[in-house]
Structure formats: C-alpha cells, structure tokens
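Asks: This structure is in structure tokens; I'll ask about it shortly.
The values are calculated or read from the model by the stated rules, or taken from the named source; none is laboratory data. Predicted, not measured: the structure shown is a model, and the values here were computed from it. Note: ideal-geometry Cβ built from the backbone for every residue, glycine included; neighbour counts use all protein chains shown. Please note that ligands, DNA and RNA were not included when accessible areas were found on the heavy atoms of the full protein model with its side chains. Shrake-Rupley method; radii C 1.70, N 1.55, O 1.52, S 1.80 Å.
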Amino acid sequence: MGKRNINKLIGKKEHIFIITFTIITIGISFLILYSLKEVNRGIIVSIIPGIMVEMLSILITYYFIAYLLSKSEEKKAKFKAYKLTRKRYKGLILDIGRKYVHLISRKPFGYKSNECQEMKQKIEEIMNNLEQLVPPDFMNEKIEWHYIVQKPTEVSSEIEKIEHQLFCKISKEENQKIFEEFISRYMGFLPDDLRESLLTVETLFQNTLATPLDFGLKIGFEVDQKEYIRNLKTLGEELIFLLEYFDEFENNQ
C-alpha cells in the first residue's frame, strides 16, 4: 500500500495568500493595460507575457521548495516516532494482526521467523477471499483456541474450540489494554497519518468484535454480512499500511 495522507505542501493561509496575490497582480496588469493609450499599449502587451511567465516560475519554485521542506520534516517526524516506539509499535500491530487472522481463519497465526512479511501475505490472502471465509453463519462457528497447561512435571499446550463471542470478548479485552498503554505513552509523538490509522484500526477492531456478550447477554446475534466484510477489508488494509509504515527504516538497520 502506498503512502497516503501526505501533509499539505504549505499552510492554508499561505496558499490563499499566494493565489490572491497572483490574481490581484494579473488584475492590476490588465487595468493598467486598459487605461493606457493605444500608442503605449503595444509595448505593455509585449512585456506582460514575460511578467506572467516570471511569476509562474516563482510560484512553481516556491511550491517545489515547500514540498521538499515538507517531505524532510515528515521524514524526521517519522524517524523520531520509529526510534521512540520501535518494539512496542511492532508488538502492538503484530498482536492486532494475529487476532485479525485468528478471527477470520478460525486458527491461530502463531509466531513466525519473518513474522511481519508472512503476516502481510496472510492478511492479503484473507482480504482476497473474505466472501468465502465469512459465510452467513460465520458468527456461529467455533474458533480454535490454544492455551498453556502447567502440570507438576511438565508444561503442555492444549487445544479446544471456543464460541465466537467468547473469542471476541477475550481478544478485545487483551487488545484494549495494550492499545491504551501505547496511545497514552506515544500519541503526542506520532505523525498525523500514523495516529489516524491507529485510531481507525482500534475503532474497527472494537466494532468488528462487538457481541452481546460484551453486555453480559448470552444470546445469538446477526450482522449485516456485506458491511461486516467491508469493515474487515478496511481493517486489513489499515493493518498492512501499519505493518509497512516503518519499512524504510527497518530495511536500513
């Protein structure tokens, strides 16, 4: 997924000022031209195109410099966020990604050697097959759950099938604690596009995993399947964006 939500090249006030100044200058030029006598008008007509070209050149140069400065500041802010959050950020996004994959595939994603890359591939695969993976009776299907059992002489891993609503409740509670801790510590240091995407993911994640069990009600429920799939797709897109967000710095380590 490409970069998005690029900051404006210059501030809104400066942008309005430049456009207004250009329009006024052009207007004054035509007023002068109109007020001149016929004998002098030809001279001014030959000069005005040169002035216009010069003004256009200045505007283009100004916007180009503003663009370079904006990109430089954006990269500095991004690198600062990377240095500050690094492992905590990666842990947060991978945790949400695991729960996303687990919810839809009905099986744990597990821990991989190249986890970020493998998770991106898995999420893309899921997004391309959401209609098949999320049938109308999706909420009624049980989900495979792995847990550790500590015995007097050994520690073992057990597997059982749990209800969809119980999985959602556990996942939401686990994620909420990690997310709130991350946001409270780092929100002020995050670039706007990263902050916006994180909040979008958290909102979608909480809404997608919402069930009657959140309110202590042990009853069945239905959702609008098309909207639910649309939300899952958006959540997948946001997760890929977040998984790739610091790639330019990770690759230079």
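Asks: Whole number in Å², please: accessible area per residue of segment 186-253, 1.4 Å probe, ligands, DNA and RNA not counted. Walk me through the numbers on the way to the answer.
Replies: Working: 3610 Å² over 68 residues.
With all protein chains present, segment 186-253 gives 53 Å² per residue.
Asks: May I pose another question? If I take the Cα coordinates of segment 111-195 and project them onto the principal axes, what are the three extents in Å, biggest first?
Replies: Taking the Cα atoms of segment 111-195, the three principal extents are 46, 41, 29 Å.
Asks: On to the next question. If I model a spin label at Ile219 and Asn140 as a point 7 Å from the Cα along the Cα→Cβ vector, what separation in nanometres do I get?
Replies: It works out to 1.8 nm between the two label points.
Asks: Additional query: Over segment 68-161, average the accessible area per residue using a 1.4 Å probe and give it in Å², no decimals.
Replies: Per-residue accessible area for segment 68-161 comes out at 61 Å².
Asks: Further question on the same structure: What are the ³J(HN,Hα) couplings of segment 152-164, residue after residue, when phi is run through the Karplus curve with 6.51, -1.76, 1.60 and θ = phi - 60°? Round to Hz, x for glycine and proline.
Replies: Calculated HN-Hα couplings, in order: x, 10, 7, 10, 10, 9, 10, 10, 8, 9, 10, 5, 3 Hz.
Asks: Express the carbon and sulfur contribution to the solvent-accessible surface of segment 145-253 as a percent, rounded to the nearest whole number, probe 1.4 angstrom.
Replies: 50 percent
Asks: Need one number: the % of Cα-Cα pairs in segment 132-179 sitting beyond the 15 Å mark.
Replies: When every Cα pair of segment 132-179 is considered, 62 percent fall beyond 15 Å.
Asks: What ranking, highest mean first, results for peptides 228-235, 183-190 when packing means the other Cβ atoms within 10 Å averaged over each residue?
Replies: Going from most to least packed, we get 228-235, 183-190.
Asks: Could you look at segment 63-129 and say what percent of its accessible area is carbon and sulfur, using a 1.4 Å probe and all protein chains?
Replies: On the way: 2000 of 3710 Å².
Whole-percent figure for carbon plus sulfur exposure: 54.
Asks: Taking 0.36 nm per intervening residue step and subtracting the Cα-Cα distance, what contour gain separates Lys177 from Ile24 on full extension?
Replies: 49.5 nm
Asks: Also, quick follow-up: Would you mind putting 213-224, 239-250 in packing order, based on average other-beta-carbon counts within 10 Å, highest first?
Replies: 239-250, 213-224
Asks: Run the count for segment 57-122, please: Lys pairs, Cα-Cα under 14 angstrom, 8 or more apart or on different chains.
Replies: Counting lysine pairs in segment 57-122 gives 9.
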